[in-house]
1. What is the one condition in (1) within 16 Å of the ligand (Cβ to nearest atom); (2) without any contact (Cβ under 8 Å) to a residue 24 or more places away in the chain; (3) surrounded by 11 or more Cβ atoms within 10 Å (Cβ to Cβ) that residue 49 does not satisfy?
2. Have a look at 37, 80, 73 and point out the one that is closer than 16 Å to residue 1 by Cβ and in contact (Cβ under 8 Å) with a residue 60 or more places away in the chain.
3. Consider residue 187 against the criteria (1) assigned to a loop (DSSP other than H, G, I, E, B); (2) within 29 Å of residue 76 (Cβ to Cβ); (3) within 13 Å of the ligand (Cβ to nearest atom); (4) in contact with a helix residue (DSSP H, G or I) (Cβ under 6 Å, 6 or more places away or on another chain): it satisfies all of them except one. Which criterion is unmet?
4. Going through the range 112-171 one residue at a time, which ones are more than 16 Å from the ligand (Cβ to nearest atom) and assigned to a helix (DSSP H, G or I)?
5. Collect the residues in the range 145-178 that are surrounded by fewer than 19 Cβ atoms within 10 Å (Cβ to Cβ) and on the phi > 0 side of the Ramachandran plot, keeping them in residue-number order.
6. Before we move on, is residue 73 away from the ligand (no atom under 16 Å from the Cβ), farther than 18 Å from residue 128 by Cβ and either modelled with pLDDT under 95 or not in a loop (DSSP other than H, G, I, E, B) (or both)?
7. Can you tell me which residues in the range 29-69 are in contact with a helix residue (DSSP H, G or I) (Cβ under 7 Å, 6 or more places away or on another chain) and not in a loop (DSSP other than H, G, I, E, B)?
Ligand SMILES: Cc1cc2nc3c(=O)[nH]c(=O)nc-3n(C[C@H](O)[C@H](O)[C@H](O)COP(=O)(O)O)c2cc1C
């Protein structure tokens, strides 16, 4: 979850509905939740960056401390088979809390690898599927605003670069046009988590 709203968040409601559908197929699944609005991920600072690029043998205590959150988030990601990312649209992009989380899980040689000059990095995560859940006042799946969907396009690109297969994107969109409730009902009706 990354909506700053803990009550009446469209992306949280749709995300929950997606998780319920996944649980119907995998009733024994264990769920690890990251609520990025209430449990904030640190913004990248100089210590993190130094630590990311310092070999373990020569890391200082400050480096080790600064890696705790990133290592934990990566371990949880490695343990996951299915990932549901809630990425509501705030000012044509994702909430900064989600970007902060992405900055902690993007680690060269751990979650992705540079494969050559000028080439896209290769993802090092394997056998993971993701669903992206978004919410917006406008409509971005088609029409005039489609080129300005910097939320789901970025999330899809980022997850793909880490090696995670994005299976589908679910949207509570057009809330400013249809009203939030109508848009949510329609979005929940259209959840299709695909073949397993
Ligand atoms: C500060 C703010 C910025 C927003 N920016 C956009 C935007 O750029 N485009 C859009 O279509 N809707 C925008 N909206 C509407 C939200 O996307 C919509 O309320 C959505 O439901 C937010 O997700 P949430 O309910 O899970 O928090 C914005 C809403 C707020 C409060």
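1. The number of the failed condition is (1).
2. Numbers: 80 fails: in contact (Cβ under 8 Å) with a residue 60 or more places away in the chain; 73 fails: in contact (Cβ under 8 Å) with a residue 60 or more places away in the chain.
The unique qualifying residue is 37.
3. Failing condition for residue 187: (1).
4. From the range 112-171, those more than 16 Å from the ligand (Cβ to nearest atom) are 112-130, 156-168; that's our starting set.
If the condition is that a residue be more than 16 Å from the ligand (Cβ to nearest atom) and assigned to a helix (DSSP H, G or I), then 156, 157, 158, 159, 160, 161 are the ones that fit.
5. Hit for the range 145-178 is 163, nothing else.
6. On the way: away from the ligand (no atom under 16 Å from the Cβ): yes; farther than 18 Å from residue 128 by Cβ: no; either modelled with pLDDT under 95 or not in a loop (DSSP other than H, G, I, E, B) (or both): yes.
No, not satisfied.
7. Passing the criteria: 47, 48, 50, 51, 62, 63, 66, 67, 69.
For every residue, the table says whether it meets (1) out of contact with any helix residue (DSSP H, G or I) (no Cβ under 7 Å at 6 or more places or on another chain); (2) surrounded by fewer than 21 Cβ atoms within 10 Å (Cβ to Cβ).
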site	(1), (2)
75	yes, yes
87	no, no
106	yes, yes
123	no, yes
132	no, no
143	yes, yes
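The values are calculated or read from the model by the stated rules, or taken from the named source; none is laboratory data. Because the structure is a prediction, the values reported are computed rather than measured. Glycine gets a Cβ as well: all are built from the backbone with ideal geometry, and neighbour counts include every protein chain shown.
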